[in-house]
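Step one of this worksheet: look at the structure below.
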Amino acid sequence: MEWREVVEHPSLKNLPFKIETNEWGQIVMTPARGRHGIYQGIIDRTLGRLAKDGQIFIECPVQTSEGTRVADVAWGSTEFFRRNKDNDNPYPESPEVVAEVKSPSNSEKAMKWKAALYFEKGAKEVWFCDEGGGMHFFGPQGALMSSEIFTEFPGHIDIEIV
């Protein structure tokens, strides 16, 4: 199934799942958890305070060699959006920064595989948020001590209860 068909299919709208496709065009659905969405929001708001240009967005579809992957949070530069203004379903390349929130069903191997797919499509950094809010930053060459693009992004994010 092509990504456009997935997005436009009436029976797939409003599902409480994250939908992606694999390398064979099959639909892959992952159940959403509350904590996952909270971490997405915190990453989005934190990036919003730090980014001076470009756009931050949640649920960014990227066409990879292994199907369409949907990044939890992404930041794309103004140049990224100029290049892709008419190609967003899915994007044919990765935005510069991609953040994934780790789910209990994600193994370390699966997370590294996702990172490799985003790097293959041009990502400059891939971030992972673990289930406790720890942030892990990677560049194409491997692990980073912190983000080199958003140097003030914290190494740990907390869920604040108000």
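Could you tell me whether the stretch 35-53 includes any residue that is of a type in the set (S, T, N, Q) and assigned to a strand (DSSP E or B)? Working first, answer last.
Initially, the stretch 35-53 is screened for residues of a type in the set (S, T, N, Q), giving 40, 46.
From the residues that got through so far, the ones that are assigned to a strand (DSSP E or B) too are none.
No; the residues of the stretch 35-53 include none that is of a type in the set (S, T, N, Q) and assigned to a strand (DSSP E or B).
To keep it simple, each residue is scored yes or no on (1) hydrophobic (A, V, I, L, M, F, W, C); (2) under 22 Å from Gly41 (Cβ atoms).
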residue: Glu66; (1), (2): no, no
residue: Glu79; (1), (2): no, no
residue: Asn84; (1), (2): no, no
residue: Pro104; (1), (2): no, yes
residue: Met111; (1), (2): yes, yes
residue: Glu125; (1), (2): no, yes
residue: Gly155; (1), (2): no, yes
residue: Glu160; (1), (2): no, yes
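For every residue, the table says whether it meets (1) free of Cβ contacts under 8 Å to residues at least 60 places away in the same chain; (2) over 23 Å from Glu160 (Cβ atoms); (3) buried (at least 17 other Cβ atoms within 10 Å of the Cβ).
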{"position": "Gln40", "(1), (2), (3)": "no, no, yes"}
{"position": "Ile43", "(1), (2), (3)": "no, no, yes"}
{"position": "Thr46", "(1), (2), (3)": "no, no, yes"}
{"position": "Val73", "(1), (2), (3)": "yes, no, yes"}
{"position": "Gly76", "(1), (2), (3)": "yes, yes, yes"}
{"position": "Phe80", "(1), (2), (3)": "yes, yes, yes"}
{"position": "Asp86", "(1), (2), (3)": "yes, yes, no"}
{"position": "Trp113", "(1), (2), (3)": "yes, yes, no"}
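What about Ser107, is it hydroxyl-bearing (Ser, Thr, Tyr), farther than 20 Å from Ile56 by Cβ and surrounded by fewer than 19 Cβ atoms within 10 Å (Cβ to Cβ)? Before you say what the answer is, go through the steps one by one.
Values: hydroxyl-bearing (Ser, Thr, Tyr): yes; farther than 20 Å from Ile56 by Cβ: yes; surrounded by fewer than 19 Cβ atoms within 10 Å (Cβ to Cβ): yes.
When the stated conditions are applied, Ser107 passes them.
Every number in this text was worked out from the coordinates using simple rules, so none of it is lab data. For clarity, every value in this text was computed on a predicted model and none was experimentally measured. Cβ atoms come from the backbone with ideal geometry, glycine included; neighbour counts cover every protein chain shown.
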